[in-house]
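Report on one structure; see the data block that follows.
The values are calculated or read from the model by the stated rules, or taken from the named source; none is laboratory data. Keep in mind that this is a model prediction, so the values were computed, not measured. Glycine gets a Cβ as well: all are built from the backbone with ideal geometry, and neighbour counts include every protein chain shown.
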Amino acid sequence: MKKIITVIGARPQIIKAAAISRAIKNNFFDKILEVIVHTGQHYDENMSQIFFEELEIPFPNFNLNVGSGSHGEQTAKMLEGLENIYMQEKPEAVIVYGDTNSTIAAALAAAKIHIPVIHIEAGLRSFNKAMPEEINRIACDHMSTLLFIPSETGHRNLLNEGIKNDQKEAATIDNPKIYLCGDIMYDNSLYFSAMSEQKSKILKELEITTNEFILCTIHRDTNTDDTSNLNAIFRALLRIQKTTNLKIVLPLHPRTKEKLNSHLDENLLTEINKNKNFKIIPPTGFLDIISLEKNARLIITDSGGLQKEAFFFQKPCVILRDQTEWIEIVENGNALIAGANELKIISSVETLIKRTDFTYPNLYGDGNAANFICKKITEEL
């Protein structure tokens, strides 16, 4: 029995961890003992607690409750708390996900005391080091022993950075092993899709119907904290609503909700608030967001997760960033990069709505990534 510590902190990581916990429960319960540590990076109940409850995810064994703070403050608190837990629990390895402050803190604390790091969703690159996430993911990859990549693009990125993939030698921090496993969020999208159809009432509550609305999410500080960008995005959304006559469903991240009142042009804010076709709602649970994704005509987002989920559910996507880690969906024509450019956002929506020749090749595996990962953990460690 191998004891593995899973570290989560942000809402997307809770969902990603669900796939691994489910695989352990169903197929590896006699080989892997999972200890879950929540850093408390996302501490709002709507942003965290609801996900454990509605998705039937195992509750954390430990919670550091670090809360909000600067990057340095958050990461420092996590490092101290995680190291103490590692020393107490003595795991064979630590699993980390993605690219948040929780990811880098968990990896660094483990690597410093010679505990192997397993990075799930390794190899992603935006090639923009101004993004804190880019620093986190690069550093984490170079501290890891097992690197599980969702797509072939990630493999190329790791090889280009000098990470060799010598399968003959034992996996160590100096000789990490790279595995193309597919995307565990594809596992989750397939698994929770049926549950969403049974349990989600969001379409009825919002009085919306399939293909008659656009789903939009905005949460990155480059969009929410920049007055020019935020106004450009909302001017575009207002124009898109009027020209397409589609409703706009906008689950608002708490930070974005605060910024609307302080950053948006007064006349623009008034017009949006008066427009009955703008459905501005609180953050939703994962089952509700799946329902919205599956039934939207199109998705507009600055979220990496929603970009992929748009592809999983065969919906075109406009990306409100200047780069994306999920370059495959752009290269395949399923998504367009518009940044916070008002005219690009509008033209991208117009282009994607007119297109009828989309294809959805098997870019992210077969929906069995979590079982593959657990199998390799039992073999390699």
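Values for this structure:
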item: Some residue of the range 216-234 being among the small types (Gly, Ala, Ser), under 30 Å from Ala130 (Cα atoms), in a helix (DSSP H, G or I) and within 26 Å of the chain's Cα centre (by Cα); result: yes
item: Tyr86 vs. criteria aromatic (Phe, Trp, Tyr), touching a residue at least 40 places away in the same chain (Cβ under 8 Å) and crowded, with 22+ Cβ neighbours inside 10 Å; result: no
item: Filtered residues of the range 274-305 (kept if among the hydrophobic types (A, V, I, L, M, F, W, C) and in contact with a Ser or Thr (Cβ under 6 Å, 6 or more places away or on another chain)); result: Leu287, Ile290
item: Residues satisfying the stated conditions in the range 116-133, i.e. more than 17 Å from the chain's Cα centre (by Cα), under 20 Å from Arg156 (Cα atoms) and in a loop (DSSP other than H, G, I, E, B); result: Phe127, Asn128, Lys129
item: Filtered residues of the range 178-199 (kept if surrounded by fewer than 19 Cβ atoms within 10 Å (Cβ to Cβ) and in a helix (DSSP H, G or I)); result: Leu190, Tyr191, Ser193, Ala194, Met195, Glu197, Gln198, Lys199
item: Which numbered condition Glu331 fails, given (1) in contact with a helix residue (DSSP H, G or I) (Cβ under 6 Å, 6 or more places away or on another chain); (2) free of Cβ contacts under 8 Å to residues at least 12 places away in the same chain; result: (1)
item: Segments classed as helices (runs of 4 or more DSSP H), wholly inside the range 1-101, with at least 3 members that are within 16 Å of the chain's Cα centre (by Cα) and on the phi > 0 side of the Ramachandran plot; result: none
item: Condition check for Ser262: among the hydroxyl-bearing types (Ser, Thr, Tyr), in a helix (DSSP H, G or I) and at pLDDT 95 or above; result: no
item: Test result for Ile202, surrounded by 11 or more Cβ atoms within 10 Å (Cβ to Cβ), not assigned by TED's automatic domain parsing to the domain that holds Ser303 and not small (Gly, Ala, Ser); result: no
item: Residue, nearest to Val330 (Cα to Cα), within the range 134-177, restricted to residues that are assigned to a loop (DSSP other than H, G, I, E, B) and of a type in the set (Val, Ile, Thr); result: Ile163
item: Check on Asn157, out of contact with any His (no Cβ under 8 Å at 6 or more places or on another chain), modelled with pLDDT of 95 or more and of a type in the set (S, T, N, Q); result: yes
item: Unmet requirement for Thr378, which otherwise passes all of (1) closer than 30 Å to Ile32 by Cα; (2) crowded, with 19+ Cβ neighbours inside 10 Å; result: (2)
item: Within the range 122-173, tally of residues that are under 19 Å from Leu363 (Cβ atoms) and surrounded by fewer than 17 Cβ atoms within 10 Å (Cβ to Cβ); result: 3
